[in-house]
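Structure first, then comments.
The values are calculated or read from the model by the stated rules, or taken from the named source; none is laboratory data. Source: prediction; values computed, not measured. Don't worry about glycine lacking a Cβ; one is built from the backbone with ideal geometry, like all the others, and counts go over all protein chains shown.
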Amino acid sequence: MSSLLMSARFRAHAPAHADDFDYESALEACARGERFALQSLYEREGRWLLAVAMRIVQDRDLAHDVLQEAFLLIWQRAGSFRRALGSGRGWIYTVVRHRALDEVRRRRADPMPSDPADFADTVLEAADEGPLDDQALDRCLAQLDATRRQCVVEAYVEGYTHEQIARRVGRPVGTVKSWIRRSLVALRTCLA
């Protein structure tokens, strides 16, 4: 079948119901550089793929970034898809899942300051006044509410994610992020 006929066939199926959407032809059209095919895949599966990414990275903004990068990979690697090896839809979900898992692994590998003085120097950007001593940092941390202090220490000393901290303290993620941000401002003021 010629490329034009396949494209026409795919376009006819693109807006149809999920049962007759031809994922394999969409990927083959992507491999040929036909942008409508990628758009059709995104319109059909984007919200579900975002949910997959969210479940893995547990951060909405990061999940959106992962999804965008995954669709770029789908576009770039569509030529490697083979019908004989599996479904097109499964291949797309695999790309998103792997991209999300790579992001989680990458973030775990990011070095976190382990010493409280290093934490203050890097996060609070107090280098203008020279290195901080542990006593000054301890004094400023002691001024924070106990739960908020725990959140800051777990985030920047122990390396926990906001989601993990939220589960540990039994609060919504947004609340934990807000506490940490406000606590950092208070620490910066105290250490200045």
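Considered as a group, the residues in the stretch 127-157 that are of a type in the set (G, A, S) and modelled with pLDDT under 80 include one that is surrounded by the fewest Cβ atoms within 10 Å (Cβ to Cβ), and that residue is G130. Among the residues of the stretch 159-192, the ones that are more than 14 Å from R149 (Cα to Cα), among the aliphatic types (A, V, I, L, M) and over 18 Å from the mean Cα position of the chain (by Cα) come to 2 in all. When the stretch 18-64 is filtered for residues that are polar (S, T, N, Q) and either more than 16 Å from V173 (Cβ to Cβ) or outside the structural domain of G86 (by TED's automatic domain parsing) (or both), the ones remaining, listed by number, are S25, Q39, S40.
Would you confirm, using the coordinates I've provided, whether R167 is within 22 Å of R105 (Cα to Cα) and at pLDDT 85 or above? Against the criterion (within 22 Å of R105 (Cα to Cα) and at pLDDT 85 or above), R167 qualifies.
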